[in-house]
Amino acid sequence: MGRNVAVLVATGSSVSGLAAKAATPSIPIVFISGTDPVQEGLVVSLKRPGGNATGVNVLLSAMESKRIGLLREMVPTAGLFGALLNPGLTTVNSQINDIEAAARSIGKRVHILRAGSEVEIDSAFATAVQLQVGGLLVGADPFMFSWRERVVALAVRHAIPAIYECANTPPPAV
């Protein structure tokens, strides 16, 4: 039996919002985005979204520079920070630029570690250990959030102080 859908709610990442937009030009869509919804193609502008999509932007990736500053407060003697980022995130270049600029502004060096799979997460941590990274910023994005238990466990195992995006779920037990 067919049902009339009144509204679509797209959560998780811009991918779900874009899929909803592709599925219908008329059913209202409400999305939650941690990236720039204009850059992602979800809306025309923040002021006037246009079309059938609107939503909430939690500006997670825009907070990376703040997290670098907090990481410095956590481990002020660290000579090198690492930033674990998902290369598949459409805003990764913006993340890298923001992180590198923030690190320079506080006199810290940062090494970008890229991971878009479980194997790449393990490899990134091996590189972090080899480089003697003194603190780790874990990028804000749905992929990293979905692997948070693995990332937390590796940070604990290798005794690397790390900072993560804020989430409404309790941290995993390790």
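The values are calculated or read from the model by the stated rules, or taken from the named source; none is laboratory data. This structure is a prediction, so every number in the text was calculated from the model and none was measured. As a convention, Cβ positions derive from the backbone with ideal geometry for all residues, glycine included, and neighbour counts pool all protein chains shown.
Odds and ends about this structure:
- Some residue of the range 11-19 being at pLDDT 85 or above and either out of contact with any Asp or Glu (no Cβ under 8 Å at 6 or more places or on another chain) or surrounded by 19 or more Cβ atoms within 10 Å (Cβ to Cβ) (or both): yes
- Breaking point among (1) of a type outside the set (S, T, N, Q); (2) in a helix (DSSP H, G or I); (3) surrounded by 15 or more Cβ atoms within 10 Å (Cβ to Cβ); (4) free of Cβ contacts under 8 Å to residues at least 40 places away in the same chain, for Ile112: (2)
- Selection from the range 152-166 of residues that are at pLDDT 90 or above, exposed (fewer than 12 other Cβ atoms within 10 Å of the Cβ) and not in a helix (DSSP H, G or I): Ala159
Residues checked against (1) outside any helix (DSSP H, G or I); (2) modelled with pLDDT under 90; (3) polar (S, T, N, Q); (4) surrounded by 14 or more Cβ atoms within 10 Å (Cβ to Cβ):
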{"residue": "Gln130", "(1), (2), (3), (4)": "no, no, yes, no"}
{"residue": "Val133", "(1), (2), (3), (4)": "yes, no, no, yes"}
{"residue": "Leu137", "(1), (2), (3), (4)": "yes, no, no, yes"}
{"residue": "Ala140", "(1), (2), (3), (4)": "yes, yes, no, yes"}
{"residue": "Phe143", "(1), (2), (3), (4)": "no, yes, no, yes"}
{"residue": "Arg150", "(1), (2), (3), (4)": "no, no, no, yes"}
{"residue": "Asn168", "(1), (2), (3), (4)": "yes, yes, yes, no"}
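- Val92 being buried (at least 20 other Cβ atoms within 10 Å of the Cβ), on the phi < 0 side of the Ramachandran plot and not assigned by TED's automatic domain parsing to the domain that holds Val38: no
- Qualifying residue in the range 42-55 (condition: charged (D, E, K, R), at pLDDT below 80 and not assigned by TED's automatic domain parsing to the domain that holds Trp147): yes
- Which listed residue is more than 14 Å from Leu84 (Cα to Cα) and in the same structural domain as Val75 (by TED's automatic domain parsing), from Ala159, Ala155, Ala115: Ala159
- Residue count for the range 73-85, restricted to those that are of a type outside the set (Asp, Glu) and over 8 Å from Gly135 (Cβ atoms): 7.
- Total residues in the range 56-80, condition under 17 Å from the mean Cα position of the chain (by Cα) and either hydrophobic (A, V, I, L, M, F, W, C) or at pLDDT 95 or above (or both): 9
- Taken over the range 117-128, the residue count meeting the criterion of being touching a residue at least 12 places away in the same chain (Cβ under 8 Å) and either surrounded by fewer than 24 Cβ atoms within 10 Å (Cβ to Cβ) or among the aliphatic types (A, V, I, L, M) (or both) is 6.
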